[in-house]
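S.K.: I have a structure here, written as structure tokens, and I will follow up with some questions on it.
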């Protein structure tokens, strides 16, 4: 699959901001997804970036730089319910595979 | 309600005993996929299907089979399960690879 790197764990305080980075290597580019997965549950879609720049959706924003092979997910005004694993995923450009990073576990402390 | 269903949710079986995990979606999605999730390795794609009768290997297809005879169903078959197939399995569907995937609730499989 694609080479996708994310930090394993991050910890932050309620109300703070956390930035989760994702770097990828791919021969072509078909966009980048972010998913959220709470412990014991299925992943749910957060965002999809195909063009460079920042896309904001409420407290969550996602940024993409195609030239740098880099994306980040920004979580603002952290709440306890944001404690979860965040998965970065990249579709292959020459077939229909979808590769996921190993995920970043975010722990929000009171 | 739009959803992806998987059955069973939990399964404990023995090495070599054939099993099938069913997956069904009611959203008329073209693309369906199976993943396994293991600690530290994240989600890895086993097989995917672009449409009826069109399937292809993902990154970890060894030991698995799939079929897509109807648009809504995409069963995962383990002909001869082994302990290294103990994992959490997710089925997912979407209109295509450039659209968000909807995941089933997961099937936790243990092979002893």
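S.K.: In region B:24-45, what residues are more than 9 Å from every other protein chain (Cβ to nearest Cβ), part of a strand (DSSP E or B) and either over 24 Å from residue A:101 (Cα atoms) or free of Cβ contacts under 8 Å to residues at least 40 places away in the same chain (or both)?
M.R.: B:24, B:25, listed by residue number.
S.K.: Among the residues of region B:30-44 satisfying the criterion of being within 11 Å of the chain's Cα centre (by Cα) and crowded, with 24+ Cβ neighbours inside 10 Å, which is farthest from residue A:6 (Cα to Cα)?
M.R.: Result: B:32.
S.K.: When you check residue B:80 against the structure, is it under 12 Å from residue B:15 (Cβ atoms), surrounded by fewer than 20 Cβ atoms within 10 Å (Cβ to Cβ) and either touching a helix residue (DSSP H, G or I) at 6+ places or on another chain (Cβ under 8 Å) or away from chain A (no Cβ under 14 Å) (or both), yes or no?
M.R.: For residue B:80, the condition - under 12 Å from residue B:15 (Cβ atoms), surrounded by fewer than 20 Cβ atoms within 10 Å (Cβ to Cβ) and either touching a helix residue (DSSP H, G or I) at 6+ places or on another chain (Cβ under 8 Å) or away from chain A (no Cβ under 14 Å) (or both) - is met.
S.K.: Working only within region B:95-109, note down all residues that are modelled with pLDDT of 95 or more and more than 9 Å from chain A (Cβ to nearest Cβ).
M.R.: B:107, B:108, B:109, listed by residue number.
S.K.: Got a sec? Which of A:106, A:90 is assigned to a strand (DSSP E or B), touching a helix residue (DSSP H, G or I) at 6+ places or on another chain (Cβ under 7 Å), more than 9 Å from every other protein chain (Cβ to nearest Cβ) and surrounded by 13 or more Cβ atoms within 10 Å (Cβ to Cβ)?
M.R.: Exactly one residue qualifies, and that residue is A:106.
S.K.: Among (1) farther than 30 Å from residue A:7 by Cβ; (2) part of a loop (DSSP other than H, G, I, E, B), where does residue B:61 come up short?
M.R.: Result: residue B:61 fails condition (1) only.
S.K.: Counting only residues that are away from chain B (no Cβ under 14 Å), give me the strands (runs of 3 or more DSSP E) lying completely in region A:1-76 with at least 2 of them.
M.R.: Working: elements: A:3-5, A:9-13, A:18-25, A:32-37, A:44-49, A:53-57, A:60-65, A:70-75.
Because the criterion is at least 2 residues that are away from chain B (no Cβ under 14 Å), the strands (runs of 3 or more DSSP E) in region A:1-76 that meet it are A:9-13, A:18-25, A:53-57, A:60-65, A:70-75.
S.K.: Does residue A:65 meet the test of being surrounded by 14 or more Cβ atoms within 10 Å (Cβ to Cβ) and touching a strand residue (DSSP E or B) at 6+ places or on another chain (Cβ under 9 Å)?
M.R.: It is false that residue A:65 is surrounded by 14 or more Cβ atoms within 10 Å (Cβ to Cβ) and touching a strand residue (DSSP E or B) at 6+ places or on another chain (Cβ under 9 Å).
The values are calculated or read from the model by the stated rules, or taken from the named source; none is laboratory data. Bear in mind the structure is a predicted one, so any value in this text is a computation, not a measurement. All Cβ positions, even for glycine, are placed from backbone atoms using ideal geometry, and neighbour counts span all protein chains on display.
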